[in-house]
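The values are calculated or read from the model by the stated rules, or taken from the named source; none is laboratory data. Keep in mind that this is a model prediction, so the values were computed, not measured. Every residue, glycine as well, gets a Cβ built from its backbone with ideal geometry; the counts of neighbours run over all protein chains shown.
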Amino acid sequence: MEEMPRGRRFFYNLSAAGWTLLDSLLMTYYVVFLLPPRERIAQGMVQYVPDRTFLWGLTALGVILLFGRIVDAVADPLAASWSDRCRSPFGRRRIFLALGGAPLAVSAAAVFFPPVSGPSWINTVYLAAMFGCYFFFFTIYVGPYLALIPELGHTEKQRLSMTTAQGYWSLIGSALIMIGGPLLIAFLMRSMGAAAAYQRAVVIMAVPGLLLCYSAVFAVDERRFSSAEPSTLPLRDSFLKTVKNRNFLFYLAGNMALWFFFNILRSTTVSMAIVLGEAGEEFASLLFMVVIGISALCFPIIAKLAPLWGKKRLMLIGLLGFALSGVMFSLTGTVPVSPRTWMMLSGAAASFPSAVVIIIPNVVLSEISQADSRVTGERREAMFFGVQGFFMKLNLGLSGAVIAGFYSAFGRDIAQPLGVRLTPLAGAAAALIGFVIMLNYREPGRNS
């Protein structure tokens, strides 16, 4: 088995920018586009889905997101089993990257083109289908992509190096959306309506995401760089063996809490900038710049601290940092500091935890899957990532439903900002619960 050359490793890691860009594109703008504040409706935006509750207290958008996440959650173990057992000469992971990239990009952009210009059940059905397609192909692409980390990274140092590089590329992909996106939208709004500006910006930003997804397809040759053999375990047996790993479950709870908050942060920052900061998309871009810039500076620090402190401790620090940031965001406008300055400080508090989210969990899960394979003799890397994805997608669907529910029940504009104020508090509460559960995780090779 050969070591993967540095050049090929570069192009494999580069694809992290592609799928992160597409994910950030959807997660950053769907709330403000589909349920815009009144201030943006006056500038030409359209509310595409009803905001009243109708099913178990959920709004239409909440149901849409939960449906999409349920489709995704069911797809996770299926795709993991397909990939683990695949015997394609093109590669048991690589074939899924080739098949998943294009539909992933198209479905992400399609969310921003509902067929009816106004609240309609037709839009609700359409968006449920598009979110379902997006999350399905996200699983088809990202699950096998991440499963390659323990297979191509033959040592802990190599795995940490790969996830750190992917973290940098993920930040770059996120920056294009979170920093460049608001600036592009604001520029386009000078010559067209707000809704049309968002739609055109989405298409422009989706194209590089599509192209970047395919760099890994050309870089990876599993026959040369991986010794992993296809699993023979049926789906049910592989799934059950994975969820019976208690250490994995403790880690999973902590990671779910991290992503619950992170999803709330990136999905509501534009709304918080408009409503709590009484600013616009340009300020949201500046706020994202603070979070992403400081996070990038934290990457080498985390890479140095991980072998010294352990990855568990870093995840615990990340959970506490997110809890602090959520409380701070919710207090915007109620403390004797200007709202914009306070939001900048709140974003800075989320920066180190955001870097932890991007780098550490995939290394931890790679180590858990490697430890399991040494005990069982079975290579089920994709199933570990698939089971994580199963619960993670339900978790992220819940976070989206919380956002939609709070915005609809308590308000989402300057005149009624309580929903926007309460949402980061929900994320902070989840982070604290995850912290308590994560204390039980025992890191392989350490006494804690």
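Data table
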{"quantity": "Enumeration of residues in the range 210-252 that are assigned to a helix (DSSP H, G or I), among the aliphatic types (A, V, I, L, M) and at pLDDT 80 or above", "calculated": "210, 211, 212, 216, 217, 219, 240, 243, 249, 252"}
{"quantity": "Condition met for residue 278 (charged (D, E, K, R), touching a residue at least 60 places away in the same chain (Cβ under 8 Å) and under 30 Å from residue 416 (Cα atoms))", "calculated": "yes"}
{"quantity": "Top-ranked residue in the range 59-73 [being of a type in the set (Gly, Ala, Ser) and either within 15 Å of the chain's Cα centre (by Cα) or not in a helix (DSSP H, G or I) (or both); ranked as surrounded by the most Cβ atoms within 10 Å (Cβ to Cβ)]", "calculated": "68"}
{"quantity": "Test set (1) surrounded by 16 or more Cβ atoms within 10 Å (Cβ to Cβ); (2) at positive phi; (3) not hydrophobic (A, V, I, L, M, F, W, C) - residue 118 fails condition number", "calculated": "(1)"}
{"quantity": "Pair list, Cβ under 9 Å, 6 or more apart: the range 391-410 residue in a helix (DSSP H, G or I), other residue surrounded by fewer than 20 Cβ atoms within 10 Å (Cβ to Cβ) and basic (Lys, Arg)", "calculated": "408/52"}
{"quantity": "Every pair of residues 6+ apart whose Cβ atoms lie under 6 Å, when the first sits in the range 37-49 and is within 14 Å of residue 186 (Cβ to Cβ) while the second is part of a helix (DSSP H, G or I) and among the small types (Gly, Ala, Ser)", "calculated": "40/194; 43/194; 44/194; 44/195; 45/194; 45/195"}
{"quantity": "Of all residues making up the range 376-390, the number that are part of a helix (DSSP H, G or I), at pLDDT below 75 and not small (Gly, Ala, Ser)", "calculated": "2"}
{"quantity": "Options 134, 126; residue that is over 19 Å from the mean Cα position of the chain (by Cα), in a helix (DSSP H, G or I) and under 19 Å from residue 35 (Cβ atoms)", "calculated": "126"}
{"quantity": "Condition check for residue 440: part of a loop (DSSP other than H, G, I, E, B), surrounded by fewer than 16 Cβ atoms within 10 Å (Cβ to Cβ), modelled with pLDDT of 90 or more and more than 20 Å from the chain's Cα centre (by Cα)", "calculated": "yes"}
{"quantity": "Cross-chain or 6+ apart pairs with Cβ under 6 Å, the range 419-442 first and over 13 Å from residue 318 (Cα atoms), then in a helix (DSSP H, G or I) and polar (S, T, N, Q)", "calculated": "420/271; 421/330; 423/268; 424/330; 425/330; 442/247"}
{"quantity": "Odd one out for residue 214, checked against (1) free of Cβ contacts under 8 Å to residues at least 24 places away in the same chain; (2) surrounded by fewer than 23 Cβ atoms within 10 Å (Cβ to Cβ)", "calculated": "(1)"}
{"quantity": "Residues of the range 243-255 classified as of a type outside the set (Gly, Ala, Ser) and surrounded by 24 or more Cβ atoms within 10 Å (Cβ to Cβ), total", "calculated": "3"}
{"quantity": "Unique residue being at pLDDT below 80, within 25 Å of the chain's Cα centre (by Cα) and assigned to a loop (DSSP other than H, G, I, E, B) when the list is 51, 84", "calculated": "51"}
{"quantity": "Residues satisfying the stated conditions in the range 26-48, i.e. in a helix (DSSP H, G or I), modelled with pLDDT of 80 or more and not polar (S, T, N, Q)", "calculated": "26, 27, 29, 30, 31, 32, 33, 34, 41"}
{"quantity": "Whichever residue in the range 329-338 is crowded, with 20+ Cβ neighbours inside 10 Å and not hydrophobic (A, V, I, L, M, F, W, C) and, among such residues, is farthest from residue 418 (Cα to Cα)", "calculated": "332"}
{"quantity": "Criterion: free of Cβ contacts under 8 Å to residues at least 24 places away in the same chain and either part of a helix (DSSP H, G or I) or crowded, with 22+ Cβ neighbours inside 10 Å (or both) - qualifying residue of 206, 175, 201, 196", "calculated": "201"}
{"quantity": "Single match in 355, 284 (criterion: touching a helix residue (DSSP H, G or I) at 6+ places or on another chain (Cβ under 7 Å) and closer than 25 Å to residue 407 by Cβ)", "calculated": "284"}
{"quantity": "Top-ranked residue in the range 127-160 [being of a type in the set (Val, Ile, Thr) and closer than 23 Å to residue 109 by Cβ; ranked as surrounded by the most Cβ atoms within 10 Å (Cβ to Cβ)]", "calculated": "139"}
{"quantity": "Any hit, the range 347-366, residues being surrounded by 20 or more Cβ atoms within 10 Å (Cβ to Cβ), part of a loop (DSSP other than H, G, I, E, B), in contact (Cβ under 8 Å) with a residue 60 or more places away in the chain and under 19 Å from the mean Cα position of the chain (by Cα)", "calculated": "yes"}
{"quantity": "Qualifying residue in the range 104-117 (condition: under 30 Å from residue 163 (Cα atoms), among the hydrophobic types (A, V, I, L, M, F, W, C) and part of a loop (DSSP other than H, G, I, E, B))", "calculated": "yes"}
{"quantity": "Residues that are touching a residue at least 12 places away in the same chain (Cβ under 8 Å), out of contact with any Phe, Trp or Tyr (no Cβ under 9 Å at 6 or more places or on another chain) and among the aliphatic types (A, V, I, L, M), drawn from the range 298-313", "calculated": "303, 306"}
{"quantity": "Residue in the range 373-386 that is in contact with a Phe, Trp or Tyr (Cβ under 9 Å, 6 or more places away or on another chain) and surrounded by fewer than 24 Cβ atoms within 10 Å (Cβ to Cβ) present", "calculated": "no"}
